[in-house]
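So the structure is just underneath, and the comments pick up after that.
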Amino acid sequence: MNNLHIGLAALGAALAVGIIGMKATDAVGRNPEASTKVLVQSILSIAFAEAIVFYTLFLVEVTRRWARRDRSPRSPRRSASTGRT
């Protein structure tokens, strides 16, 4: 199930990067003098869109480790008053 989350995040980022590139190309085509400003803004937007994938990878790995920790067998604890298990 976690692999689905990674795939959807990667798909969303890829679509976002494509849309950002398309809109940046349209903006520079309409106003060539603003190409530097459009380039800077599109690079920042692409970086933020790609960061979503890294956030998803991090969260999936954290939840996998957390789930593994909860399933691991624990040793029985001793009672503080009697010293017995």
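Please treat every number below as a calculation from the coordinates, not as lab data. Remember, predicted model here, so these are calculated numbers, not experimental data. Positions of Cβ are backbone-derived with ideal geometry, glycine not excepted, and every protein chain shown enters the neighbour counts.
Quick notes on this one:
- Between the beta carbons of L39 and R65, assuming R0 = 35 Å, the FRET efficiency works out to 0.30 to the nearest 0.05.
- Stokes-Einstein D (µm²/s) once Rh is taken as the Kirkwood radius of region 2-68 over alpha-carbon pairs, at 4 °C in 1.567 mPa s: 97
- Calculated from backbone phi, Karplus (6.51, -1.76, 1.60) coupling profile of region 21-38 in Hz, x at Gly/Pro: x, 5, 5, 5, 5, 5, 5, 5, x, 7, 9, x, 5, 8, 5, 5, 5, 5
- Counting other Cβ atoms within 10 Å as a rough exposure proxy, the listed residues T63, T36 run T36, T63 from fewest neighbours to most.
- Counted by Cβ distance under 12 Å from T63, the other residues give a net charge of +2, where Lys and Arg count +1 and Asp and Glu count -1.
- Residues D26, D70 arranged by fewest to most Cβ contacts within 10 Å: D70, D26
- Rounded to the nearest Hz, the phi-derived 3J(HN,Hα) couplings of region 41-49 under the Karplus curve 6.51 cos²θ - 1.76 cosθ + 1.60 (θ = phi - 60°) are 5, 6, 5, 4, 5, 5, 5, 5, 5, where x marks glycine and proline.
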